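K.L.:
Before I ask anything, here is the structure I am working with.
The values are calculated or read from the model by the stated rules, or taken from the named source; none is laboratory data. Worth saying up front: this structure is predicted, and the values here are computed from it rather than measured. Positions of Cβ are backbone-derived with ideal geometry, glycine not excepted, and every protein chain shown enters the neighbour counts.
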Amino acid sequence: MSLPEYDRVLIDRCLAGAPQAWEDFTDRFLGLVLRVVQHAAENCRIPIDPSLRDDLAAEVFLRIVDKNFAVLRRFRRQSSLHTYIAVIARRVVIEHLRGDYRRGVVRSGEHQPLANHPSPEGSPESRLENRDEVEHLLLRLDPREARIVRMYHLEKRSYKEISSLTGMPENSIGPVLTRARLAMRQGNSTSSVDPR
């Protein structure tokens, strides 16, 4: 199966750092990645809530951009890009879920965002530094996205609370958080939030 021209151009644009390329890539594959996350969790018999599902999807996209798109650079372009992304997503999700489950982080009905998992660096001083870093990174986001990230990660508000405070549908919050995390990781600003 040859790679469709649209996917070939999309990969080339991402690797070249073209404007809007990464947003186009995440828009194209977000639904696929979310389905893979849900399916992998069901196969592992590990219950996940929407916020954990969105965090795992963000981890998949972070793996794709890691080391200057190393995952995309390794793609041989001799098969479907959808299949390749699905395989990468499944590996990342299973790796995280099994590791989190062994550490007792994933429990039925309970979730800590991946970025807040207990770590050796979890001292009060490093948490303060991390909070300062998050605040600095928030300046790179669209104000609405920054507000949602701040409410979720720093104020520890639920999707329901954020929806109530912003008027944004609850099911739109996860994708906004995913895009914002990716933008913060890349150091680029994302497109503005659709407040539907």
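K.L.:
Among the candidates R53, R8, R35, R28, which residue alone is part of a helix (DSSP H, G or I), farther than 24 Å from E95 by Cα and either among the charged types (D, E, K, R) or outside the structural domain of S79 (by TED's automatic domain parsing) (or both)?
P.N.:
Numbers: R53 fails: farther than 24 Å from E95 by Cα; R35 fails: farther than 24 Å from E95 by Cα; R28 fails: farther than 24 Å from E95 by Cα.
Sole residue among the options that is part of a helix (DSSP H, G or I), farther than 24 Å from E95 by Cα and either among the charged types (D, E, K, R) or outside the structural domain of S79 (by TED's automatic domain parsing) (or both): R8.
K.L.:
Give G31, G17 a once-over and let me know the one that is over 15 Å from A86 (Cα atoms) and either surrounded by fewer than 14 Cβ atoms within 10 Å (Cβ to Cβ) or among the polar types (S, T, N, Q) (or both).
P.N.:
Values: G31 fails: over 15 Å from A86 (Cα atoms).
Result of the check over G31, G17: G17.
Each row is one residue, and each column tells you yes or no for (1) acidic (D, E); (2) surrounded by fewer than 21 Cβ atoms within 10 Å (Cβ to Cβ).
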site	(1), (2)
P50	no, yes
D55	yes, no
N68	no, yes
F75	no, yes
Q78	no, yes
I85	no, no
R91	no, yes
E95	yes, yes
R98	no, yes
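K.L.:
Of the residues in region 153-196, how many are surrounded by fewer than 17 Cβ atoms within 10 Å (Cβ to Cβ), outside any loop (DSSP other than H, G, I, E, B) and modelled with pLDDT under 75?
P.N.:
Matching residues across region 153-196 total 2.
K.L.:
Among D66, D54, D49, which is the only one that is of a type outside the set (A, V, I, L, M, F, W, C), within 10 Å of the chain's Cα centre (by Cα) and modelled with pLDDT under 90? Outline the logic, then answer.
P.N.:
Numbers: D66 fails: within 10 Å of the chain's Cα centre (by Cα); D49 fails: within 10 Å of the chain's Cα centre (by Cα).
So the residue among D66, D54, D49 that is of a type outside the set (A, V, I, L, M, F, W, C), within 10 Å of the chain's Cα centre (by Cα) and modelled with pLDDT under 90 is D54.
K.L.:
Identify, by number, the condition in (1) touching a residue at least 12 places away in the same chain (Cβ under 8 Å); (2) small (G, A, S); (3) out of contact with any Leu (no Cβ under 7 Å at 6 or more places or on another chain) that A70 doesn't meet.
P.N.:
Unmet for A70, out of (1) touching a residue at least 12 places away in the same chain (Cβ under 8 Å); (2) small (G, A, S); (3) out of contact with any Leu (no Cβ under 7 Å at 6 or more places or on another chain): (1).
K.L.:
Quick one: T26 ticks every box in (1) at pLDDT 90 or above; (2) at positive phi except a single one, so which number is it?
P.N.:
So T26 meets the others, but not (2).
K.L.:
Within region 82-93, identify whether any single residue is more than 16 Å from A180 (Cα to Cα), in a helix (DSSP H, G or I), at pLDDT 85 or above and among the charged types (D, E, K, R), and answer yes or no. So that I can check it myself, show each step before the final result.
P.N.:
Of all residues in region 82-93, those more than 16 Å from A180 (Cα to Cα) come to 82-93.
If we keep only those that are in a helix (DSSP H, G or I) too, we end up with 82-93.
Those left that are additionally at pLDDT 85 or above: 82-93.
Subsequent filtering for residues that are among the charged types (D, E, K, R) retains 90-91.
So far as region 82-93 goes, yes, one or more of its residues are more than 16 Å from A180 (Cα to Cα), in a helix (DSSP H, G or I), at pLDDT 85 or above and among the charged types (D, E, K, R).
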